[in-house]
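Report on the following structure.
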There are 2 protein chains.
Amino acid sequence: MKIGELGKATGTPVETIRYYEREGLLPFPARTAGNFRVYGEGHAERLSFIRRCRSLDMTLDEIRTLLRFKDAPAENCLGVNVLLDAHIGHVAARIRDLRALERQLRNLRGQCREAREAVHCGILNELSHLPEKDAERPGSPARGVHAGVGASRSC
Amino acid sequence: MKIGELGKATGTPVETIRYYEREGLLPFPARTAGNFRVYGEGHAERLSFIRRCRSLDMTLDEIRTLLRFKDAPAENCLGVNVLLDAHIGHVAARIRDLRALERQLRNLRGQCREAREAVHCGILNELSHLPEKDAERPGSPARGVHAGVGASRSC
DNA sequence: GAACAAGCTATAGTGACTACAGGGTCAACA
DNA sequence: TGTTGACCCTGTAGTCACTATAGCTTGTTC
């Protein structure tokens, strides 16, 4: 199967498949005479595993670790449990952070009930004059699901 | 005040201050004869505003919008309210996504109660063989607080 | 005058892709 | 046989909000 078929079979853009290959998550496939990649069932299964882990928001590094366990079936799987527990902890912490953030934002939103001149807007004034107090310092913003709040945006 | 003092006064690394200047969030400051940046109270206030917004996890683009309102005090502030409502909506949606993710992860974790050979690990098996079903497709992972789950990590 | 802190510019790296540019391969059809 | 068009290839740059480094200059203190 060629890369486009593999992409369709697993719901993965072809650029992403090539990216996983570069990152060492997928083994180098065979090539046709014309230099096209050729994949088998093993590749499809491995890619599905990766995508399933990504849908659970694991990092590529975490997935690399899980793949090592998959590639060593006789080994003890304790590390898998440990990794997953840590991942769950990160997600839970992130939810707590975001809930605190939501409370702060709703409180701020309450400062301006109706539209008026910007100079009298309760929101802008609060953002201008209140101390940052217990808000987490943006100098070291916690990022990503694993830790905090700030992150890259696509929207 | 020089850049280091401004950084201390606002809890901002100096590289970040220079970055905000490049991004057009902070106006170009005056310079000493030796080419050092010199800041006044206005700069400190503006930077504090920016940092407060960042601690509420707004993007630099959102902050740019708010700064435009601050710079036009006579304008109607409706746009501020709209922006904040949208931001709150993004955060709330992200919390919902993460809670669903946490449920999925805890369910997965339940598949392997004790450590054993990786080949019999319920977690690895579930990740290998179950359909991705209703999990959000990683082909278009929602990123950042504003939308979803995947994000850059610093940990 | 020498040491040292703090400043300067420019550039590259982070994570996990995504989006080109500029080409090559291959099957189908006129 | 020629050509269209879908697909494939490599390589590079862009995303976001910083962060870190290299290699230099300025300013203060001893």
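Top to bottom by accessible area (1.4 Å), largest first, where do A:Thr16, A:Thr32 land? Don't skip to the end; give the middle numbers.
On the way: A:Thr16 35, A:Thr32 55 Å².
Order by accessible area, largest first: A:Thr32, A:Thr16.
How shielded is B:115-127 by partner chains, expressed as the average number of their Cβ atoms within 10 Å of its Cβ atoms?
The shielding value for this peptide is 6.
Under a crude label model (7 Å from the Cα following the beta-carbon direction), how far is A:Ala33 from B:Phe36 in nanometres?
Result for the modelled spin labels: 7.2 nm.
Which residues' amide hydrogens lie under 5 Å from the amide hydrogen of A:Asn76, considering only partners 5 or more residues apart or on another chain, with H built in the peptide plane?
Residues meeting the amide H criterion: B:Ala118.
Using a label point 7 Å beyond Cα on the Cα-Cβ vector, give me the inter-copy distances for A:Ala115 in nanometres, one decimal, shortest first.
Listed shortest first, these distances are 6.2 nm.
Using a 10 Å cut-off on Cβ atoms, rank the peptides A:34-41, B:107-114 from the highest mean neighbour count down.
My ranking of the peptides, most packed first, is B:107-114, A:34-41.
Leaving out ligands, DNA and RNA, calculate the buried accessible area for the pair A and B with a 1.4 Å probe, summed over both sides, in Å² to the nearest 100.
On the way: alone 10970 and 10950 Å², together 15300 Å².
That pair hides around 6600 Å² of surface in total.
For the range A:50-63, in order, what is each residue's ³J(HN,Hα) by Karplus, 6.51 cos²θ - 1.76 cosθ + 1.60 with θ = phi - 60°, in whole Hz (x at glycine and Pro)?
Once rounded to whole Hz, the list reads 4, 5, 5, 5, 5, 5, 8, 6, 6, 6, 4, 5, 4, 5.
Residues with beta-carbon under 15 Å from that of A:Ala92, excluding A:Ala92: net charge, scoring Lys, Arg +1 and Asp, Glu -1? Don't skip to the end; give the middle numbers.
Details: positive: A:Arg94, A:Arg96, A:Arg99, B:Arg94, B:Arg96, B:Arg99, B:Arg103, B:Arg106, B:Arg109; negative: A:Asp57, A:Asp85, A:Asp97, B:Asp97, B:Glu102.
Net charge in that neighbourhood comes out at +4.
What shape does the range A:31-99 take by its C-alpha gyration tensor, where a ≥ b ≥ c are the square roots of the eigenvalues and a/c under 1.5 counts as rounded, a/b above b/c as prolate, and the rest as oblate?
oblate
Label-point separation (nm) for B:Asn76 and A:Arg99, each offset 7 Å from Cα along Cα-to-Cβ?
3.8
The values are calculated or read from the model by the stated rules, or taken from the named source; none is laboratory data. Note that this is a predicted model, so its numbers are computed, not measured. Note that each Cβ is placed from the backbone with ideal geometry, even for glycine, and that neighbours are counted across all protein chains shown. Keep in mind that these areas ignore ligands, DNA and RNA; they rest on the heavy atoms of the full protein, side chains included. Shrake-Rupley method; radii C 1.70, N 1.55, O 1.52, S 1.80 Å.
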